[in-house]
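First the structure, in the form of structure tokens, and then the observations on it.
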Amino acid sequence: MDSYVAFDYSPRFRIFKNGRIERLVPETFVPPSLKPENGVVSKDAVYSPEKNLSLRIYLPQKSVDDTGEKKIPLLVYFHGGAFIMETAFSTIYHTFLTSAVSATDCIAVSVDYRRAPEHPIPILYEDSWDAIQWIFTHIAGSGSEHWLNKHADFSNVFLAGDSAGANIAHHMAIRAEKEKLLPENLKISGMILFHPYFLSKALIDKMEVGAMRYYERLWMIASPDSENGVEDPWINVVGSDLSELGCGRVLVMVAGNDVLARGGWSYAAELKKSGWVGKVEVMETKDEGHVFHLRNPDSDNARRLLQNFAEFLKDETR
């Protein structure tokens, strides 16, 4: 029975009855580079030696060449992949973060975390929180990573992620406020959610399409011990208290052909009604699917999305 396939997501992965996962796509590891790519250099750092977990830091080359103490916005990014696939070091994420840093002139930290089903929910949220805490040990300029000490502006911090990573970013913003991560005079400036992975029974019933059931099944693979299924507050964030979101501005990206778009729209609507003191806006890309900008980064719509992302980071008046 151990060889029985319980869920077949070919050509990406298969889950067997005994819980074993077979990832069918070879997982790439793009090494960091101090040789500029698109004007950006990168390096890796360990944030949890106990768990052997690392992250990747991206910095504009001109900041490296700058002998002064110029501070630039800090972007903390969480990769997607349904909590199951991809890493912070995959080709698509290295490519995207390099482009994002080049477009925004920020310093970015791309967080890697342990994945389901080997490490089921909520382990990856705890890993992500460990990374956030490690990053903020540099707030006084005396942390272990020189780039963060010298260049990160901790008064101008943004959280971001795509799909499952957008879900993680939301929970990190909530926890940052609840646990008072920042000093009283500081607040996370903003959050950008690319095609967020939010579900609920109401959303699934309203759509009544197979793709929504597919995402529900992925959630149950990632969170097999959840008693509430898609009503679990980890995935049904719209049903939780959004008023304590710990940031000042939110940009929600949705794609017209993405069944998860309804969850993004619902999130923005509930955020406005929650009593949260901040500003939320939604950018829709019609005729595109889920995380299209990662699959086809050279398309006109992907460039337009990246431009809107850059404008959001740079424009404090939005």
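The values are calculated or read from the model by the stated rules, or taken from the named source; none is laboratory data. This structure is a prediction, so every number in the text was calculated from the model and none was measured. All Cβ positions, glycine included, derive from the backbone under ideal geometry; neighbour counts span all protein chains shown. These area figures cover heavy atoms from the full protein model, side chains too; ligands, DNA and RNA do not enter into them. Shrake-Rupley method; radii C 1.70, N 1.55, O 1.52, S 1.80 Å.
Mind jotting down a quarter of the surface of the convex hull over the alpha carbons of the stretch 37-99, in square nanometres, one decimal?
5.3 nm²
What's the magnitude of the charge dipole for the stretch 13-126 around its Cα centre, counting Lys and Arg as +1 and Asp and Glu as -1 at the beta-carbon? Answer in Debye, nearest 20.
The calculation lands at about 320 debye.
What does the charge dipole of the stretch 196-318 about its Cα centre add up to, to the nearest 20 debye, if the Cβ of each Lys and Arg holds +1 and the Cβ of each Asp and Glu holds -1?
About 300 debye.
For the stretch 126-168, which whole-number percentage of the solvent-accessible area (1.4 Å probe, protein heavy atoms only) is attributable to carbon and sulfur atoms?
44 percent
Counting pairwise Cα distances across the stretch 14-61, what percent come out greater than 13 angstrom?
I get 70 percent for the Cα pairs in the stretch 14-61 exceeding 13 Å.
Excluding ligands, DNA and RNA, what is the solvent-accessible area per residue of the chain at a probe of 1.4 Å, expressed in Å²?
Using a 1.4 Å probe on heavy atoms only, each residue of the chain averages 43 Å².
With the cut-off at 1.5 for a/c, could you classify the stretch 46-179 from its C-alpha gyration tensor as rounded, prolate or oblate?
prolate
For ASP298, what accessible area in Å² do you get when you roll a 1.4 Å probe over the heavy atoms of the protein chains, rounding to the nearest 10?
Approximately 110 Å² for this residue.
Across 10 Å bins from the origin, how do the percents of Cα pairs in the stretch 136-175 run, short distances first?
Once binned at 10 Å, the Cα pair distances of the stretch 136-175 give 29, 36, 33, 2.
Carbon-plus-sulfur fraction of the accessible area of the stretch 169-255, 1.4 Å probe, in percent?
Reported share for carbon and sulfur atoms: 48 percent.
If the elastic network links every pair of Cα atoms under 10 Å, which of LEU203, LEU305, LEU34 fluctuates the most in the Gaussian network model of the chain?
In the Gaussian network model the winner is LEU34.
May I ask you to rank GLU69, GLU50 by accessible area, largest first, using a 1.4 Å probe over the protein chains only?
GLU50, GLU69
Rounded to whole Hz and in sequence order, give me ³J(HN,Hα) for the stretch 242-258 from the Karplus expression 6.51 cos²θ - 1.76 cosθ + 1.60, θ = phi - 60°, writing x for Gly and Pro.
Residue by residue, the stretch 242-258 yields 9, 5, 9, 4, x, 7, x, 9, 9, 10, 9, 9, 10, 10, x, 9, 9 Hz.
If the only charges are +1 at each Lys and Arg Cβ and -1 at each Asp and Glu Cβ, what is the size of the charge dipole of the chain around the Cα centre, to the nearest 20 debye?
Around 260 debye, computed over the chain.
Looking only at TYR47, TYR77, TYR214, which one moves most when the chain is put into a Gaussian network model with springs between Cα atoms under 10 Å?
TYR214
Can you give the percent of C-alpha pairs in the stretch 128-202 whose distance is more than 13 Å?
Percent of Cα pairs beyond 13 Å in the stretch 128-202: 69.
Taking all protein chains together and a probe of 1.4 Å, list TRP134, TRP265 from the most accessible to the least accessible.
Result of the area sort, largest leading: TRP265, TRP134.
Roughly how tilted is helix 210-222, in degrees to the nearest 10 and between 0 and 90, from the longest Cα axis of the chain?
Orientation of helix 210-222: about 70 degrees from the principal axis.
Output ³J(HN,Hα) for the stretch 262-279: one whole-Hz value per residue in order, computed from phi by the Karplus curve 6.51 cos²θ - 1.76 cosθ + 1.60 with θ = phi - 60°, and x for Gly and Pro.
So the Karplus estimates, Gly and Pro as x, are 4, x, x, 4, 5, 4, 4, 5, 5, 4, 5, 8, 6, x, 4, 9, x, 10 Hz.
As I understand it, the dipole of the chain uses +1 on the Cβ of Lys and Arg and -1 on the Cβ of Asp and Glu, about the Cα centre. Which of GLY165, VAL259, SER99 lies farthest toward its positive end?
So the residue furthest toward the plus end is SER99.
Using the Karplus curve 6.51 cos²θ - 1.76 cosθ + 1.60 with θ = phi - 60°, what ³J(HN,Hα) values do you get for each residue of the stretch 127-133, in whole Hz, with x for Gly and Pro?
4, 5, 5, 4, 5, 4, 4
Probe radius 1.4 Å, ligands and nucleic acids left out: which of MET172, MET220 has the largest accessible area, and how do the rest follow?
MET220, MET172
Kirkwood Rh, the stretch 261-318, all Cα pairs: how many Å?
By the Kirkwood definition, the hydrodynamic radius is 13.1 Å.
Would you mind classifying the stretch 212-277 by shape? Square roots of the alpha carbon gyration tensor eigenvalues, ordered a ≥ b ≥ c; an a/c under 1.5 is rounded, otherwise it is prolate if a/b is larger than b/c and oblate if not.
Note, shape of the stretch 212-277 comes out oblate.
Looking at the chain as a GNM with Cα springs under 10 Å, which of PRO224, PRO26, PRO233 has the largest mean-square fluctuation?
PRO26
Along its principal axes, what span do the Cα atoms of the chain show, with the longest given first and each in whole Å?
Principal extents (largest minus smallest coordinate, Cα): 61, 43, 40 Å.
With axes computed from alpha carbons, what is the tilt in degrees of helix 164-178 against the longest principal axis of the chain, rounded to the nearest 10 within 0 to 90?
Tilt of helix 164-178: around 60 degrees.
Return the percentage of antiparallel bridges among DSSP beta bridges fully within the chain, rounded to the nearest 5 %.
Antiparallel: roughly 40 percent of the beta bridges in the chain.
What does the C-alpha gyration tensor say about the overall shape of the stretch 173-318? Classify as rounded when a/c is under 1.5, otherwise prolate if a/b is larger than b/c, or oblate.
The shape class here is oblate.
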